[in-house]
């Protein structure tokens with residue numbers, strides 16, 4: 001799993017990974033996308049909850065999740081959803097509706113009703129479902145794979161795609177450079193002092209060397225790309241292929257059908 005997250009690592013053997021990791025990143029975006037768009041306009045909490053459960057089951061069955069990710073999905077996300085349900089409910093119409101919703105608590109003239117809680121829960125479940133659907137691609141794809149898929153399947157100009165990939169690979173480089181600068185400052189005694197002001201001075205002192213390092217690295221990358229005639233030809237030979245196979249089409253169509261069936265059932269069933 002570490003190699004999957006390393007932007008410098010070669011493409012792993014997808015046969016050893018669970019099925020979500022073996023799918024094309026575009027399939028994992030295209031499949032949940034209609035459901036995510038529909039959720040923006042959905043007011044049925046059952047539909048929101050069903051899509052959230054579907055995404056959660058796919059993540060558990062089809063993805064290699066770390067203990068921290070599982071903790072976030074099964075503990076942190078429910079707690080945040082419950083907190084958001086209450087918070088959104090406070091901003092909803094607190095007056096009891098015509099169906100006679102009950103009053104959960106009252107503070108002065110304010111009445112927090114079950115109807116307001118239901119509105120807040122629907123909004124929170126909608127957000128939770130959108131987050132879980134987005135994690136299908138976010139937790140099982142890498143930036144390089146997504147860029148390669150955009151270039152190979154959607155024919156995004158490789159000059160743009162691989163320039164974005166080079167920028168993406170600057171992120172771990174900056175983290176390493178920042179650690180080196182911090183160590184150099186500590187060796188020179190420039191990191192002395194406690195409190196907010198010394199901390200601000202230390203962080204401001206990192207800006208110039210980090211900027212200089214970034215400029216030097218960008219210059220080296222630009223020279224390397226020019227020496228290899230990058231951008232001189234309309235197409236390029238791909239070293240790592242991210243194909244769009246039959247299983248990607250199957251996953252996308254199955255997700256679309258499941259979403260359509262869920263919304264059709266919600267429309268036909270009595271409320």
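Some points to look at:
Table: residues versus (1) out of contact with any strand residue (DSSP E or B) (no Cβ under 6 Å at 6 or more places or on another chain); (2) surrounded by 14 or more Cβ atoms within 10 Å (Cβ to Cβ); (3) part of a helix (DSSP H, G or I).
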site	(1), (2), (3)
181	yes, yes, yes
198	yes, no, yes
201	yes, no, yes
211	yes, no, yes
214	yes, yes, yes
220	yes, no, yes
229	yes, no, no
236	yes, yes, no
240	yes, no, no
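- Test: residue in segment 257-270 that is within 28 Å of residue 175 (Cβ to Cβ), surrounded by 10 or more Cβ atoms within 10 Å (Cβ to Cβ) and free of Cβ contacts under 8 Å to residues at least 40 places away in the same chain: no
No lab work stands behind these numbers, since they all come straight from the coordinates. None of these values were measured; they are calculated from a predicted model. Note that we place each Cβ from the backbone using ideal geometry, even for glycine, and neighbour counts take in every protein chain shown.
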